[in-house]
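Below is one structure, written out as structure tokens, with a few remarks after it.
The values are calculated or read from the model by the stated rules, or taken from the named source; none is laboratory data. Note that the structure is a prediction, hence the values are computed from the model and not measured. Glycine gets a Cβ as well: all are built from the backbone with ideal geometry, and neighbour counts include every protein chain shown. Side chains included, ligands, DNA and RNA excluded: accessible areas come from the protein's heavy atoms. Shrake-Rupley method; radii C 1.70, N 1.55, O 1.52, S 1.80 Å.
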Amino acid sequence: MLRPAVVQILKNNESYYSLVIAVAKRARDITDEACNNKIILDEKPVKTAVEEFASSEYRFIEDPSLKS
């Protein structure tokens with residue numbers, strides 16, 4: 001997938017900020033897993049994380065009590 005648009009990933013008025021935080025956390029998890037298993041990554045972790053969210057392999061859930 002070539003650079004999915006943010007609107008393709010966000011649904012139901014989810015915030016851009018939440019997406020950025022979720023992608024960053026998932027990218028960190030990918031990096032940590034690779035380090036622990038001594039795997040060399042072919043793609044950058046952020047790209048992999050974005051693709052996972054775009055393909056709905058991973059989803060993020062916003063806490064409605066945090067919205068203003």
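What to note about this one:
- Considering only residues in the range 29-56 that are in contact with a helix residue (DSSP H, G or I) (Cβ under 9 Å, 6 or more places away or on another chain) and basic (Lys, Arg), the one that is most open to solvent (accessible area, probe 1.4 Å) turns out to be 44.
- Number of residues in the range 3-28 that are in contact (Cβ under 8 Å) with a residue 40 or more places away in the chain, closer than 15 Å to residue 57 by Cα and open to solvent by less than 40 Å² (accessible area, probe 1.4 Å) equals 3.
- Failed criterion for residue 8 (all others in (1) modelled with pLDDT under 80; (2) touching a Ser or Thr at 6+ places or on another chain (Cβ under 7 Å); (3) assigned to a helix (DSSP H, G or I) hold): (2)
- Number of the exception - residue 60 against (1) outside any helix (DSSP H, G or I); (2) among the hydrophobic types (A, V, I, L, M, F, W, C); (3) open to solvent by 70 Å² or more (accessible area, probe 1.4 Å); (4) at pLDDT below 85: (3)
- Listed by first and then second residue, the pairs linking a residue in the range 33-50 that is over 15 Å from residue 4 (Cβ atoms) to a residue that is in a helix (DSSP H, G or I) and modelled with pLDDT of 95 or more, with Cβ atoms under 6 Å apart and 6 or more places separating them unless they lie on different chains, are 41/34; 45/27; 45/30; 45/31.
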